[in-house]
Amino acid sequence: MLPIVIVISLAITITALAMFRVITSTSTSLNQQYYQQIAQEAALSGEDAAAACLKSGANSWTTLGPNIDCTGASNGGMNYLSKDDNWQSTYSVSVSTTTPKTYTSVGSVRFFKSDGVTPIGPAINESVKWNGPSATDGVKTIASISTSGTFSCATGNNPGISNTAAYCWGLDACAQLGKSSPTCPGNTVTTDRIAYPLAVPAAATDALGGKTITSLSTGIYGKACAVAYSSSAADAKAYCWGPKNGSYAQPTIPTAVTAGALSGKIVRSVSAGSNHACALAYTSGNNPSTAQAYCWGQNTYGQLGNGTTSAGNSDPVLVSGLTGKSVLAVNAGFDYTCALIYTTASENASNAKPFCWGSNRYGQLGSGSTSPAQRTALGAVVASGVLSGKTITSITTSQGHTSECSGYDGDGNCIGQYEVPSGPVCVIAYPTSQPQQASPYCWGGNFNSEIGDGSTTQRNSPTATATDAASSLNGKVVTSISAGETHTCAVAYPAGNPTQSSAHCWGWNMCGKLGVGQNSCAAGPSTYRKPTAVSIATGSALAGKNVTAISAGLLTTCAVAQDTTVETSRAYCWGATPYGEVGNGTKGLSGSVFKSFNQPQAVDVSSSSAVGPSSSTTNSPIY
């Protein structure tokens, strides 16, 4: 049985997403609203028809309709979609001559006298507009990928550009994709659903102009951060963009984070959490022994690690307690932070130990209990038990979220908020000097078997993910891991065969986000309590690919994989794609549920990608 909070989350989320478009009306009568809905559905049908034409490469039409095919010729069909005794619905899609092209789908309901021929009164029209991709928006080779709540981003080389740049796709309600757009006032947002990668602005006048991006991270509330440098890694800085969230005072376009304690530091990595962000930076030259952790954003639970629970800091602060230590990795989660820290001056990998601070609501601090409820400074994760004698190589944190208001009471107070619990924290570790035995170990939220130990029991201290015969990780070496909100994924290869790396996921299979070929948003979820191989069967774009990286988000999972025949790395995604998060040109609803894919799909990087961003305004919460 699904946890009540998850069921409520799903119900409210689907209700919210079903209201993608709120249409301005001059009449509030029920009949008017009814016909507006029909016109809206017709406009969406036109959008889908255009997507199919563009995907097939048939672009010779100038006006598309129910009886006009992709070549612009009559298909012999009717010129309407549906009809009743006194009305008909239809659509007409037109395309501009500009580059990139602008597409407009107008859905109409026309009324007739009883003879069914003579028109009466004005038609009711609703329109959808979107831009097609420009020739420079296709990504050549993918280096890394990150997916979160409603959007995805990757780093890669664009054709004709030598430096690694950033590309994003999905919901662009508050500039998550790095482009200038309105901020998010209250509960009303302007949404752009972009179903293929678009380059994050990097013109000469932009903050990222001419820079090489080395890493990138996305947060569930729409924040994105990257590390980039101009001439060499010695001048690397953190850049962030996306919506303002609480005290997380981010601008809407990429801007360097150079104030506060990060001033003058060389940034090596950055992590965008739910409501805060953290970076790893060198304090002296290019010297990893001086690596420290810095955090900024909300601090309600002490997640910034500076010994306080202040309202937050828009400028980075130094995490306390690192004197005599250096940091190997830092990750921001849902109101908490975890890091791998060398506990002695010697930077021997076996000395790297996990530490966590912030909220301990779901045991994510790994202290053995949920007490204390929060920690404002470094706290060691239980080192005895399964992690005893292990060398830890990487760490990942998961994100949860609290919804926006689903409505307001008569006094204007927010109602209908709910919280989706955080998933686990996971590390990859192996017995010292035995890297071929690298496996996952997790702790924290396990409501949907995100830990993969065969149970749904919350674990307050590190627990081994199943690698027995019932687990697809049996006999494999794990190289990377990503904890999503309600599922976890890893990359692993058979011992001795590193060029045969594959993807594996476990947890809640809502909308097919585990990629195992089962479940859709319409069919409902199921739970996989142990690691299961992501599908490479017919229909899976990962067939024959060598997976190198993976990222688990909210209802979507993405990976980077290399085609062994051409040695080119590409991006692949699967799961729900209401806003285009999968990046293959598909977005929106199928009936009343999200469109989704339960097997990996190739992210569309062609210059003739399917239908691009469509715009609308909604007064409903996104999540």
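Label-point separation (nm) for Gln500 and Lys101, each offset 7 Å from Cα along Cα-to-Cβ?
4.5
Which residues' amide hydrogens lie under 5 Å from the amide hydrogen of Val516, considering only partners 5 or more residues apart or on another chain, with H built in the peptide plane?
Ser535
Which of the residue pairs Lys265/Lys325; Lys101/Lys179; Lys530/Lys587; Lys390/Lys545 have a Cα-Cα distance greater than 20 Å in the structure shown?
Result: Lys530/Lys587; Lys390/Lys545 exceed 20 Å.
Keeping every protein chain present and rolling a 1.4 Å probe, give me the accessible area per residue for segment 460-615 in Å².
Spelled out: the 1.4 Å probe surface of segment 460-615, per residue, equals 31 Å².
Charges only on Cβ, +1 for Lys and Arg, -1 for Asp and Glu: so what's the dipole of segment 206-328 about the Cα centre, in debye to the nearest 20?
It works out to roughly 100 debye.
Quick check: at a probe of 1.4 Å, how many percent of the accessible area of segment 194-314 sits on carbon and sulfur atoms?
Answer for segment 194-314: carbon and sulfur cover 49 percent of the accessible area.
Averaged per residue, what accessible area in Å² does segment 212-314 show with a 1.4 Å probe, protein chains only?
Normalised by residue count, the accessible surface of segment 212-314 is 31 Å².
Points 7 angstrom from Cα along the Cβ direction at Ser314 and Ala203: gap in nanometres?
Taking the simple label geometry, Ser314 and Ala203 are separated by 2.6 nm.
How many angstrom separate the Cα center of segment 72-96 from the Cα center of segment 187-241?
Value for the Cα centre distance between the two parts: 42 Å.
Return the FRET efficiency for the residue pair Thr568, Ser60: r is the Cβ-Cβ distance, R0 is 41 Å, and the value is rounded to the nearest 0.05.
Efficiency for this residue pair is about 0.85.
Given N residues in segment 416-500, what is Rg(Cα) / (2.2 N^0.38 Å)?
1.15
Enumerate the lysines that Lys113 could reach by cross-link, defined here as Cα to Cα under 24 Å, with residues fewer than 8 away along the same chain left out.
Partners found: Lys83.
The values are calculated or read from the model by the stated rules, or taken from the named source; none is laboratory data. This structure is a prediction, so every number in the text was calculated from the model and none was measured. Cβ coordinates were reconstructed from backbone atoms using ideal geometry, including for glycine residues, and neighbour counts include every protein chain displayed. These accessible areas exclude ligands, DNA and RNA; they are computed on the full protein's heavy atoms, side chains included. Shrake-Rupley method; radii C 1.70, N 1.55, O 1.52, S 1.80 Å.
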